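Colleague: Here's a structure for you.
The values are calculated or read from the model by the stated rules, or taken from the named source; none is laboratory data. Computed from a prediction, not measured in an experiment: that's the story for all the values here. Note: ideal-geometry Cβ built from the backbone for every residue, glycine included; neighbour counts use all protein chains shown.
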Amino acid sequence: MALETDVFVIGGGPAGLAVGIAARQKGLSAIVADHALPPIDKACGEGLMPDGIVALAKLGVKVDAAPGFPFCGIRFLGAGVSVDADFPSGAGLGMRRRVLHNLLVERAVKVGVTLLWGIRGIELGAEGIAIEGHRVNARFLVGADGQNSRVRKAAALGDVRRESRRYGFRRHYRIRPWSDYMELYWGDRFQIYVTPIAPCEVCVALISRNPHLRLDKALEHFPELNSRILSSEPSSAEMGSLSVSRRLKAVQRGSIALSGDASGSVDAITGEGLCLSFRQALALADAMDRNNLDEYQERHREIAKRPAMMASLMLMIESRPGLRRRVLHGLARQPALFSQLVAFHVGSSSFLDFRLADVLRAGRELLTA
């Protein structure tokens, strides 16, 4: 017996579910298959930026009443200084990854996506797709199966323009959030994110170039933060994953397309991975609806430009201690510039909106810091 569908998605994480939902919103039939069982968890910072919440709303997923904790902006801490800025419109939301996954599953079911969980026998070959021996007839095949995508390999879409890797670890703690901001602590070639995710819980995530560095050791570099954490109890085990910056030469070939981390990714330092996945899903659904995946290739490139630019800037600061100190001190003296950077980061402004006077003043202070 063959399965018939317009869109067959391999990968049932947020990226794959978003593609299925977006396809159904265009009137296309969709099947999403994954070997795992929901809710699917992953080590991440668990913060949704305002632009990510807007993209979710376009998928019909409302998070305003979901368990979580709103945060008003971003705070940088390091080199003895602190600077923060509010988002120009809307708030971010911290929430457990499993909660977000459940919301997406519920939306997918509501719009009529067929969900196949616990599938172990997905075969990709020259003759097409088969699930546990059953042939799948689909107009479009979408790989949303993560960093090590089998679909990407089978479709010969693995040519990379640029790639770098870092390592992430995450743990939750039972403690009342002490800040309305997502906090980013800048260490020597590592960063610690603290995201409030509930009235009595925070998520603490570490990203570094050192695969052997763990949260407990990294926290020692920030005594005040470490003291807060030591006074609380972990509410989850430490979980790790790779943080990969990858740009592919192509994300579609024929009737096959990639989405989410399978299609390339930006370093987790941006906090924009989920938003990218949701925006890609919407763009891909538009292209499939017009039966023209070439459009998706161009839209995918456009969607990635801003996060990729911010990732490059932040990783340049991360890798150069002297520059990092000057930048943090310069931003602390020029909070208006930091506000503009945060606005650009979440897509509320462009570089054309930057005030020349602020940029020149910040440049002068960076040179003399």
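Colleague: Just name the residue that is surrounded by the fewest Cβ atoms within 10 Å (Cβ to Cβ) out of those in the stretch 17-47 that are under 14 Å from V99 (Cβ atoms) and touching a Cys at 6+ places or on another chain (Cβ under 9 Å).
Modeller: By that ranking, first place goes to C44.
Colleague: If we keep just the residues of the stretch 113-132 that are in contact (Cβ under 8 Å) with a residue 24 or more places away in the chain and surrounded by fewer than 14 Cβ atoms within 10 Å (Cβ to Cβ), which is farthest from the chain's Cα centre (by Cα)?
Modeller: Within the stretch 113-132, the subset in contact (Cβ under 8 Å) with a residue 24 or more places away in the chain is 113-120, 122, 124-125, 129, 131.
Narrowing further to those that are surrounded by fewer than 14 Cβ atoms within 10 Å (Cβ to Cβ): 118, 120, 125.
Numbers: G118: 24, R120: 26, G125: 30 Å.
Here the answer is G125.
Colleague: Answer yes if at least one residue in the stretch 85-94 is within 28 Å of H329 (Cα to Cα), in contact with a Cys (Cβ under 9 Å, 6 or more places away or on another chain), surrounded by fewer than 23 Cβ atoms within 10 Å (Cβ to Cβ) and charged (D, E, K, R), and no otherwise.
Modeller: yes
Colleague: Follow-up question, since we're still on this one. Between a residue in the stretch 87-104 that is part of a loop (DSSP other than H, G, I, E, B) and any residue that is surrounded by fewer than 17 Cβ atoms within 10 Å (Cβ to Cβ) and hydroxyl-bearing (S, T, Y), which pairs come within a Cβ distance under 8 Å, given they are 6 or more apart or on different chains?
Modeller: F87/S348; P88/S348; P88/S349; S89/S348
Colleague: Output the residues belonging to the stretch 275-290 that are touching a residue at least 12 places away in the same chain (Cβ under 8 Å) and not in a helix (DSSP H, G or I). I'd like the intermediate steps shown before the answer.
Modeller: Step one: list which residues in the stretch 275-290 are touching a residue at least 12 places away in the same chain (Cβ under 8 Å), which gives 275-289.
None - no residue of the stretch 275-290 is touching a residue at least 12 places away in the same chain (Cβ under 8 Å) and not in a helix (DSSP H, G or I), so the list stays empty.
Colleague: Of all residues in the stretch 179-227, how many are among the charged types (D, E, K, R) and within 23 Å of P67 (Cα to Cα)?
Modeller: In the first step, residues of the stretch 179-227 are kept if they are among the charged types (D, E, K, R); the result is 180, 183, 188-189, 201, 209, 214, 216-217, 220, 224.
Those still in the list that are within 23 Å of P67 (Cα to Cα) too: 180, 183, 201.
Adding up the residues that qualify gives 3.
Colleague: Please find, among R171, R166, R176, the residue that is of a type in the set (K, R), touching an Asp or Glu at 6+ places or on another chain (Cβ under 7 Å) and farther than 14 Å from L242 by Cα.
Modeller: Values: R166 fails: farther than 14 Å from L242 by Cα; R176 fails: touching an Asp or Glu at 6+ places or on another chain (Cβ under 7 Å).
Result: R171 is the single residue among R171, R166, R176 that is of a type in the set (K, R), touching an Asp or Glu at 6+ places or on another chain (Cβ under 7 Å) and farther than 14 Å from L242 by Cα.
Colleague: Give the residues of the stretch 154-208 that are within 22 Å of G78 (Cα to Cα) and polar (S, T, N, Q), sorted by residue number.
Modeller: Scanning the stretch 154-208 gives S179, Q191, T195, S208.
Colleague: Of the conditions (1) of a type in the set (D, E, K, R); (2) in the same structural domain as A205 (by TED's automatic domain parsing); (3) under 20 Å from R161 (Cα atoms), E233 satisfies every one except a single condition; which number is it?
Modeller: Single failed check for E233: (3).
Colleague: Is it fair to say R120 is of a type in the set (K, R), at pLDDT below 95 and not in a strand (DSSP E or B)? Walk me through how you get there before you give the answer.
Modeller: Values: of a type in the set (K, R): yes; at pLDDT below 95: yes; not in a strand (DSSP E or B): yes.
Here the answer is yes, as R120 does meet what is asked.
Colleague: Another question, then. Pick from the stretch 39-59 the residues that are part of a loop (DSSP other than H, G, I, E, B) and out of contact with any strand residue (DSSP E or B) (no Cβ under 8 Å at 6 or more places or on another chain): which of them is farthest from A304 (Cα to Cα)?
Modeller: Quick first cut of the stretch 39-59, residues part of a loop (DSSP other than H, G, I, E, B) only: 39-46, 49, 59.
Now drop any that are not out of contact with any strand residue (DSSP E or B) (no Cβ under 8 Å at 6 or more places or on another chain), which leaves 39-40, 59.
Values: P39: 27, I40: 25, L59: 19 Å.
Filtering the stretch 39-59 for residues that are part of a loop (DSSP other than H, G, I, E, B) and out of contact with any strand residue (DSSP E or B) (no Cβ under 8 Å at 6 or more places or on another chain), the one farthest from A304 (Cα to Cα) comes out as P39.
Colleague: Let me ask another. Go through the stretch 133-239 and tell me which strands (runs of 3 or more DSSP E), entirely inside it, have 1 or more residues that are surrounded by fewer than 19 Cβ atoms within 10 Å (Cβ to Cβ) and in contact (Cβ under 8 Å) with a residue 24 or more places away in the chain. Lay out the reasoning, then the answer.
Modeller: Values: elements: 134-143, 160-174, 181-186, 190-198, 201-208.
So the answer is 134-143, 160-174.
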